[in-house]
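Okay, so here's the structure we're looking at.
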DNA sequence: CGACGAACCGACAGTCCTGTCAATTCCGCT
DNA sequence: AGCGGAATTGACAGGACTGTCGGTTCGTCG
C-alpha cells in the first residue's frame, strides 16, 4: 500500500493540517445539515472524518465555532456560484429566467445549504450575527439583481417599481419551499420531489411566476401571454 | 385567597386532567417551536406548565409522542382556521386574494406553526409519517383551492391549467419564506419583518404575484394591469 | 542528527437529560 | 366514613454528550 497519495481526499497524507481542517468542515456540513445544531453530535462528525473528536476542538475551538465556519462556507458557496452566472449578455427576460433557474437548481443540488440556513433560523439567527464577513459576502446577489432590473427597465421589458431585495426574496421563496418542506409537503400531498418530471415542471412554473411579476405590464397584453 | 377559580387557565382547579393535558400541550408547542425537537427540553416544558416532568410522561408517554400531538394540533389549527373562510360568495379574483392574504397573515400570527413544520422537516418527516389522521386533516385546503380555480375558470377570470396543489404550494412558499427565514434574511438584507409597513407591502406583493400567475391571460391585456 | 513545535490521540471529568418508580394525595362514589 | 382509582410528586438510575488534558508521534529546520 502506498503511504503517500496524490492529495485527493480519499488517500490524503497524514499530518496535512489543511486537509484535516477541510475534512472536518466537510463532515460537519453534512452532520449539521442533517440534524441541526442541537441534533448534531461532535462525535458523529469525528466519525465522518479520518480524525478524532479532539482534533475538532484543536482546529475549531468549539462546536458552535465549527458550526459558524460551516455556515459561512455554505453562504460563500452559493454566492460564489452566482458569480459564475453571466447575465449581462442576456436580454433581461432571459436573465431573469436564468437567475430563477439557477437559484432553483442550486437549492436542489445543495439541500445542505437550505438545511443549514433553516437550522440557523431555528436558533433565532443567534450565530449569523456573530459572523463578521457574512453580510459583505451576501451583498453581491442584490447588486446582480439590481443590474438586471435596471437593464430590463431601459429595455422596456421589465416594469419599474420592483425592489431588488424583494425580487431576491420572491425568487428564493419559490425555490426554497419545496426543498425546505419536501418531507412534510411531499408526504401530505403525495408529491415526489425526487421525480425529474416534477422538478422540471416546478422549475418552469417558478420561472413563469417570477416573469409575470416583473414583466412590463403597460403594453396591451403583448407580453402577458406565454 | 380563593382556593377554587372559575376554570380559566390562569387559576384552574387542581386535579383537572383535561386542563393539565391542554396546559402541557400549550407549553410544549412553545418549546418545540422555539428549539426544535432535539433542542427542546422536557424539563423546560414542565417549567412552562403548572405540572412536573413526570406528569408529561403520564399524559403523553414520551417526548416524541408529545411532539407528534403538538404537530397534529398545529396542523389542525391552520386547517380549521381556513374553514372559517367564506370564499364561495366572492368573485374568483377576490377569493384568490383572500386566500393568499389569509395564508400570509396566518403564518405571521402563528410563527410557531411554521417553526414546528420546519422542525419536522429537519427530522426528515420521520414523525409525520406515523400520524394517522394527518393526511385526511390536510385534504381540505386542496379542495378549497380546487373550488376557487374551477369557479374562476367558469367566470373566465382564471386561466386553465393551474394545478390546485401547485397553487397551494406557490401561495404557501411566498408567505412561508419571510417567517421561516426572517432571522437570516432579515439580518443579511436589513429587512425588519416586525415593521408593519413592510408586512403590508409584502402581503400586497404576494397577492399580486399570485394573481399574475393565475389570471386568465388570453384577453388582450385586459387583466394584465392592476 | 537532534530538538522543537505542530499535529494527533485516548481517556476522563463533569454535566445534562430522559424516562421510570415507589409513594402520596385527592376526588367521587358507595 | 372509607374505599378505589386516578392524578400527582420527588428522587434516581442510566446513558449520552461536550470539552479538556496529558502524553505521544512526526515533520522540519538548524
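Based on other C-beta atoms within 10 Å, arrange A:190, B:63 from fewest to most. Can you show the working numbers first?
Details: A:190 9, B:63 18.
So the ranking, lowest neighbour count to highest, is A:190, B:63.
At a Förster radius of 45 Å, what calculated FRET efficiency corresponds to the Cβ-Cβ distance of residue B:76 and residue A:146, to the nearest 0.05?
Taking R0 as 45 Å, the efficiency between residue B:76 and residue A:146 is 0.55.
Pairs of Cα atoms under 8 Å, at least six residues apart: use those to get the relative contact order of chain B, whole percent.
19 percent
By what distance, in whole Å, do the Cα atoms of region B:13-61 stretch along each of the three principal axes, largest value first?
Rounded to whole Å, the extents work out to 30, 16, 15 Å.
I want to make sure I understand the PRE zone here: with the label point 7 angstrom from the Cα of residue B:155 toward its beta carbon, which residues in region B:85-108 have backbone N atoms less than 15 Å away?
What the label zone holds, given the 15 Å backbone N cut-off, is B:86-101.
To the nearest 10 degrees, how steeply does helix A:17-39 sit against the main Cα axis of chain A, on a 0 to 90 scale?
70 degrees
To the nearest 10 degrees, how steeply does helix B:134-155 sit against the main Cα axis of chain B, on a 0 to 90 scale?
20 degrees
What distance in nm separates the simple spin-label points at residue A:204 and residue A:53, each placed 7 Å from Cα in the Cβ direction?
Going by the 7 Å Cα→Cβ label model, 5.2 nm.
In Å, what is the Rg of the alpha-carbon atoms in the protein assembly as shown, and how long is Dmax?
Cα-based Rg and Dmax for the protein assembly as shown come out at 24.3, 82 Å.
What's the angle, to the nearest 10 degrees (0 to 90), between helix A:196-214's Cα axis and the longest principal axis of chain A?
50 degrees
What gaps in nm, shortest first, separate residue A:129 from its twins in the other copies when you place the label 7 Å past Cα toward the beta carbon?
Computed spacing set for this position: 3.7 nm.
With springs connecting C-alpha atoms under 10 Å apart, model chain B as a Gaussian network and identify which of B:157, B:170, B:184 has the largest mean-square fluctuation.
Per the Cα network of chain B with a 10 Å cutoff, B:184 tops the list.
Please say if region A:42-154 is rounded, prolate or oblate, where rounded means a/c under 1.5 for a ≥ b ≥ c the square roots of the C-alpha gyration tensor eigenvalues, and otherwise the choice is prolate for a/b larger than b/c and oblate otherwise?
In terms of gyration-tensor shape, prolate.
Report, in whole Å, the centroid distance computed from the Cα atoms of region A:47-110 and region A:166-210.
Result: 19 Å between the Cα centres.
For the residue pair residue B:193 and residue B:132, what label-to-label distance in nm results when each label sits 7 Å from Cα along the Cα-to-beta-carbon direction?
Label-label distance for residue B:193 and residue B:132, simple model: 3.6 nm.
Sort shortest first the distances from residue B:48 to its counterpart in every other copy, using label points 7 Å along the Cα-to-beta-carbon line, and give them in nm.
2.9
From the label point of residue A:89, set 7 Å along Cα to the beta carbon, how far off in nm is each other copy's matching point, shortest first?
Those label-point separations list as 6.0 nm.
Taking N as the number of residues in chain A, what value does Rg over Cα atoms divided by 2.2 N^0.38 Å take?
Relative to the 2.2 N^0.38 Å estimate, chain A comes out at 1.21.
Coordinate-derived values only; no laboratory data. Keep in mind that this is a model prediction, so the values were computed, not measured. Here Cβ is always computed from backbone atoms with ideal geometry, including for glycine, and neighbour counts include all displayed protein chains.
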